[in-house]
1. If r is the Cβ-Cβ distance from Val55 to Glu181 and R0 is 41 Å, what FRET efficiency results, to the nearest 0.05?
2. Taking 0.36 nm per residue of separation and subtracting the Cα-Cα distance, what length does fully extending Glu174 through Lys140 add?
3. Of the heavy-atom accessible surface of the range 72-209 (probe 1.4 angstrom), what whole percent is carbon and sulfur?
4. Along the Cα→Cβ direction, 7 angstrom out, place labels at Lys80 and Arg130. What is the inter-label distance in nm?
5. How would Met158, Met143, Met66 line up by accessible area, probe 1.4 Å, largest first?
6. Would you mind computing, in nm to one decimal, how far apart the modelled labels at Lys150 and Glu162 are, each placed 7 Å from Cα along Cα→Cβ?
7. Taking each pair of distinct Cα atoms in the range 51-116 once, what is the resulting Kirkwood hydrodynamic radius in Å?
8. Taking only C-alpha pairs under 8 Å that are 6+ residues apart, what is the relative contact order of the range 105-189 in percent?
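The values are calculated or read from the model by the stated rules, or taken from the named source; none is laboratory data. Only a predicted model underlies this, so the values are computations on that prediction, with no experimental measurement involved. No Cβ is skipped: glycine too gets one built from the backbone with ideal geometry, and neighbour counts run over all protein chains shown. Ligands, DNA and RNA are excluded from the accessible area calculation, which covers all protein heavy atoms including side chains. Shrake-Rupley method; radii C 1.70, N 1.55, O 1.52, S 1.80 Å.
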Amino acid sequence: MARYLGPACRLCRREGQKLFLKGDRCNSEKCAVDRRGYPPGQHGQGRPNSSDYSVQLREKQKVKRMYGLLERQFSATVHKAGRMRGRAGENLLALLERRLDNVAYRLGFATSRSEARQLVKHGHFLVNGRKATIPSFLVKPGMKISVRPKSQEVARIMGAVETLDEGSLPSWLELSKEDFEGTVKALPSREDIGMPIDEQLIVELYSRY
């Protein structure tokens, strides 16, 4: 399946909540979810399907779109989480949070995960001093994620860092704004992921296959 190239706000409306796919726009009065809080399409205001499968599918689609993964990537991550020790759902969220593109977004180097993914692919970030261009790279405690010196003057990165509210920074990450550098202090726990996600529904969905 090809990557979705349509309006990002349409995805938020389909899931019925903000997925923060458009950066600052999601917190403005232009947010499509606030203006039209119902699914898109001619049947958007009809009666929603509330079967168990439908609820599980919507949760999976929501998280997949939130982190910007395709089905094959997401399915592989779910199965990897199931092979790890502990609860599969919490392992899944931890793996998604540890992705380099998500960490760059969490540190405030980009205003959205899609923007962070693009910046990673273009080689704007260093991991422990080495250039990293793979968005799915999993960070570990002790690793340092920094912006390349030449990239610190990129308008998008500078603007994102300047508007960052450090109070929103997850406890498992540490940021030095002046140095454009972040440190992974620990692995993310379920309490660190404050988004409204019911990961158990996703595990139940994939257990069907």
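1. Values: r = 41 Å, r/R0 = 1.01.
Efficiency at R0 = 41 Å is approximately 0.50.
2. On the way: separation 34, 0.36 × 34 = 12.24 nm, distance 1.32 nm.
Full-extension gain reported as 10.9 nm.
3. On the way: 3450 of 7200 Å².
Looking at the range 72-209 in its full context, I get 48 percent from C and S.
4. Reported label-point gap for Lys80 and Arg130 is 1.7 nm.
5. These residues rank, largest area first, as Met158, Met143, Met66.
6. 2.3
7. 12.7
8. Numbers: 117 pairs, mean separation 26.9, N = 85.
The value is 32 percent.
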